[in-house]
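Asks: My questions all concern the structure below.
Since every read-out is calculated from the coordinates, none of them should be taken as a lab result. As the structure is a computational prediction, the values presented were derived from the model and not from experiment. Every residue, glycine as well, gets a Cβ built from its backbone with ideal geometry; the counts of neighbours run over all protein chains shown.
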Amino acid sequence: MTAMAPGRYTVSQLSVEFGVTSRTLSKRLELAGVQPVETKGRVKRYRMKDALAVISAPPTAGESTESEAAARARLTRAKADIHEATASQLAGELIPADAVEKAWGSVMSRLRGHLIAMPDRAAPEVVDAAGLNEVREILRDSVNAILTEMAETVVDYEEKPKATNGSSSKPAQDPRAPRPTPRRPRRPPTPEASATA
């Protein structure tokens, strides 16, 4: 074991002392332009006060303030969230957003049609109404009929078929499309051809 000069530390030793990763410390030292006071082969040693000045300075714009452990924890949480969402979708608890959009568009289109048709449906009854209260009652009944029908509407969504083992998600090829011509195998050279060469 070699003796260490006083006040000179490797990046690994300094990272333990300051509680940061070696990678973060190396990057900060390089960005700050701090040169090692001693280099033996690949081992670089720095003064504690130079490293302290770099660590105590605020991080630069391109540098993350997040520790490696925090980054790993965040990644693990993100992966767990993805797996939960996938499991929920496979269990039928979640519906893909595009399917919800399609179903909701269908419901709104249907409601729009009912609302546009309502004046034509209610007009014959309103003409024979005796007064304002009867007109209100006829219109209220028309709106309630539309709402009841919309509430009883069952919305189905079609799940996109997933590719299974051995099947391709590509559409079937057009039978009229030209097919590639197979190549003929090369013939081995004949003894006469190799003798002339």
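Asks: Counting only residues 5 or more places away or on other chains, whose amide H sits under 5 Å from the amide H of residue 94 once H atoms are built in the peptide plane?
Replies: Those qualifying (amide H under 5 Å, at least 5 residues apart or on another chain) are 89.
Asks: Working out 0.36 nm times the residue gap between residue 121 and residue 18, then minus their Cα-Cα distance, what length gain in nm do you get to one decimal?
Replies: 29.2 nm
Asks: Let me ask something else about it. Quick one: Cα centre-to-centre distance for segment 67-97 and segment 103-137, in angstrom?
Replies: 46
Asks: In nm, what is the difference between 0.36 nm times the number of residues separating residue 83 and residue 109 and their Cα-Cα distance?
Replies: 5.9 nm
Asks: From Cα coordinates alone, what are the radius of gyration and Dmax values for segment 97-151 in angstrom?
Replies: 14.5, 49
Asks: Could you tell me the calculated FRET efficiency between residue 100 and residue 129, based on Cβ-Cβ distance and R0 = 45 angstrom, to the nearest 0.05?
Replies: 0.65
Asks: Gain in length, residue 75 to residue 155, computed as 0.36 nm per residue apart minus the alpha-carbon separation, to one decimal in nm?
Replies: Using 0.36 nm per residue and subtracting the Cα-Cα distance, I get 25.1 nm.
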